[in-house]
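First comes the structure, then the notes that go with it.
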Amino acid sequence: MNVLVLGAGRMGLGAVYDLAHNSPEVRSVTVGDFHLKNSQETVRAVGSDKVKAVRIDASDHASVVDLMRGHDSAISCVNYWYNLELSKAAVETQTNFCDLGGNNYVVDEQLALDEKAKEAGINIIPDCGLAPGMVSVLAMHGAQRFDSVDQIHIRVGGLPQRPKPPLDYQLVFSVEGLINEYVESARVIRNGEITEVESMTELESLSFEGFPALEAFQTSGGTSTLPDTFLGKIKELDYKTIRYAGHCEKFKTMIDLGLCSSEEIVADFVKVVPRKVFGELLQRNLPADEPDHVLVRLEFTGRKNGTESTLCYDIVDSFDEKTNLSAMMRTTSFPASIIAQMMAAGDVMMRGATPQEKAIDPEKFVAELARRSILIRESERATAAV
């Protein structure tokens, strides 16, 4: 199969690496970026004859259509605001398409292309990174272990191995995506109904063996389409982001001061957008590309064989010194690569524009994760008889 990767940043590099080195069915990989130099650097870093570099402007529809033709799948690793038009190009060229997501409203518009995608005989699957993404398929994987599920709680975070003040955080993906997560509302299921919760709220403590004190709090986007998928089937579902203890209070203070506002202000006769300035300052002052960990926890409660049970999935992934890929690159771009290949192979449960938890076989997906040493540690306990 031939696969196109749009965007040669951190996640684009991870996707290309997986396609080139972990995927024997992939014959060729094209990586495209607005800056040809970035594509060429990705080719050099991956070190495979399967990969070729091109320049592409993701906003130029005609050029994207020309480039997509001849590829079995395309993966978008560019900013989320391009994904709707890229999805339309995929329909036009009959190319399977997935992306790393980042915005619920864009995802809704992509899913509205369902009939057109079916007519084209392809899949369009948004939000295929880590969270949303991998955890969505894992949510379905765990839920299928029960006769009925009452609650699903998802906790995910990317953490530097050597945290530095003041935020004990490093940039591991788009700063725009980070700010979005922290300022937009989170969609959850409460008491069997979909509702929205303000981000940076409902702070809780949690622990992973070998890690210092951690916290988790509401952020947007992580549940993606899961509330709609599980509506009427579950009482509680939520997603929280994991950070080192103390991060939430510090960052929320800056939000409360207006530093994440997109409303233009005038300072010394100069018009500025606080969010743009703040994003630039984060990029200048926070570390990036240092060794990291990714922590994932999904906790399910439900009934199985007449017994109320709790099932926990834990993943701890770390920077890979052999490949020089960060844990965030592995756990974000590898799932997208896996899904792109499953679509191209026709190894999906339905065609059209669909949420991944409906289209992707969770058992096959988990097996592919394990083949890449992204391993789930399970624990289960029976809590009461019914």
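Suppose we filter Asp60, Asp33, Asp72 for residues that are crowded, with 18+ Cβ neighbours inside 10 Å and either more than 23 Å from Phe173 (Cα to Cα) or basic (Lys, Arg) (or both); which single one remains?
Asp72
Has segment 91-105 got any residue that is without any contact (Cβ under 8 Å) to a residue 40 or more places away in the chain and either among the β-branched types (Val, Ile, Thr) or in the same structural domain as Glu378 (by TED's automatic domain parsing) (or both)?
yes
If a residue must be within 24 Å of Lys304 (Cβ to Cβ) and either in a helix (DSSP H, G or I) or out of contact with any strand residue (DSSP E or B) (no Cβ under 9 Å at 6 or more places or on another chain) (or both), how many such residues does segment 135-176 contain?
Count: 10.
The conditions are (1) of a type in the set (A, V, I, L, M); (2) at pLDDT 95 or above; (3) out of contact with any strand residue (DSSP E or B) (no Cβ under 8 Å at 6 or more places or on another chain), and Ala344 fails exactly one of them. Which is it?
The number of the failed condition is (3).
Consider Gly210 against the criteria (1) assigned to a loop (DSSP other than H, G, I, E, B); (2) within 21 Å of the chain's Cα centre (by Cα); (3) of a type outside the set (Asp, Glu): it satisfies all of them except one. Which criterion is unmet?
(2) is the only condition that Gly210 fails.
Restricting the search to segment 260-275, which residues are closer than 22 Å to Val183 by Cα, assigned to a loop (DSSP other than H, G, I, E, B) and either of a type in the set (D, E, K, R) or at pLDDT 95 or above (or both)?
Glu263, Glu264
Determine whether segment 190-197 contains at least one residue that is modelled with pLDDT of 95 or more, at negative phi and assigned to a loop (DSSP other than H, G, I, E, B).
Among the residues of segment 190-197, not one is modelled with pLDDT of 95 or more, at negative phi and assigned to a loop (DSSP other than H, G, I, E, B), which makes the answer no.
Would you check if Lys52 is over 18 Å from the mean Cα position of the chain (by Cα), at pLDDT 95 or above, over 30 Å from Val183 (Cα atoms) and surrounded by fewer than 23 Cβ atoms within 10 Å (Cβ to Cβ)?
Against the criterion (over 18 Å from the mean Cα position of the chain (by Cα), at pLDDT 95 or above, over 30 Å from Val183 (Cα atoms) and surrounded by fewer than 23 Cβ atoms within 10 Å (Cβ to Cβ)), Lys52 qualifies.
How many residues are farther than 17 Å from Asn2 by Cα and of a type in the set (Ser, Thr, Tyr) when one looks only at segment 73-104?
Qualifying residue count for the region: 3.
Scan segment 19-36 residue by residue and report those that are part of a helix (DSSP H, G or I) and touching a strand residue (DSSP E or B) at 6+ places or on another chain (Cβ under 9 Å).
Leu19, Ala20, Leu36 - these are the residues of segment 19-36 that are part of a helix (DSSP H, G or I) and touching a strand residue (DSSP E or B) at 6+ places or on another chain (Cβ under 9 Å).
List every residue pair whose Cβ atoms lie under 8 Å apart, where the two residues are 6 or more positions apart in sequence or sit on different chains, the first residue falls within segment 248-271 and is of a type outside the set (S, T, N, Q), and the second residue, located anywhere, is assigned to a strand (DSSP E or B) and surrounded by fewer than 12 Cβ atoms within 10 Å (Cβ to Cβ).
Taking only residues 6 or more apart or on different chains, the pairs are Glu264/Lys271; Ile265/Lys271.
Of the residues in segment 332-386, how many are surrounded by fewer than 24 Cβ atoms within 10 Å (Cβ to Cβ) and aliphatic (A, V, I, L, M)?
Residues that pass the stated criteria total 17.
When residues of segment 132-186 are filtered for being small (Gly, Ala, Ser) and under 12 Å from Thr223 (Cα atoms), how many remain?
The number of residues fulfilling the criteria is 5.
Mind counting the residues in segment 207-224 that are surrounded by fewer than 22 Cβ atoms within 10 Å (Cβ to Cβ) and not hydrophobic (A, V, I, L, M, F, W, C)?
Here the count works out to 5.
Each row is one residue, and each column tells you yes or no for (1) assigned by TED's automatic domain parsing to the domain that holds Ser224; (2) touching a residue at least 12 places away in the same chain (Cβ under 8 Å); (3) more than 22 Å from Asn2 (Cβ to Cβ); (4) not acidic (Asp, Glu).
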{"site": "Phe334", "(1), (2), (3), (4)": "no, yes, no, yes"}
{"site": "Ile339", "(1), (2), (3), (4)": "no, yes, no, yes"}
{"site": "Met342", "(1), (2), (3), (4)": "no, yes, no, yes"}
{"site": "Met349", "(1), (2), (3), (4)": "no, yes, yes, yes"}
{"site": "Thr354", "(1), (2), (3), (4)": "no, yes, yes, yes"}
{"site": "Glu357", "(1), (2), (3), (4)": "no, yes, yes, no"}
{"site": "Ile360", "(1), (2), (3), (4)": "no, yes, no, yes"}
{"site": "Lys364", "(1), (2), (3), (4)": "no, yes, no, yes"}
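Val277 fails exactly one of the following numbered conditions: (1) touching a Leu at 6+ places or on another chain (Cβ under 9 Å); (2) touching a residue at least 60 places away in the same chain (Cβ under 8 Å); (3) of a type in the set (Val, Ile, Thr). What is the number of that condition?
Result: Val277 fails condition (2) only.
Give the number of residues within segment 318-362 that are under 30 Å from Asp147 (Cα atoms) and in contact with a His (Cβ under 8 Å, 6 or more places away or on another chain).
1
Could you tell me which numbered condition Glu115 fails, if it satisfies all but one of (1) in a loop (DSSP other than H, G, I, E, B); (2) charged (D, E, K, R); (3) outside the structural domain of Leu298 (by TED's automatic domain parsing)?
All conditions pass for Glu115, except number (1).
The values are calculated or read from the model by the stated rules, or taken from the named source; none is laboratory data. Treat the numbers as computed from the prediction; the structure is a model and nothing was measured. For neighbour counting, all protein chains shown are included, and Cβ atoms are generated from backbone atoms with ideal geometry for every residue, glycine included.
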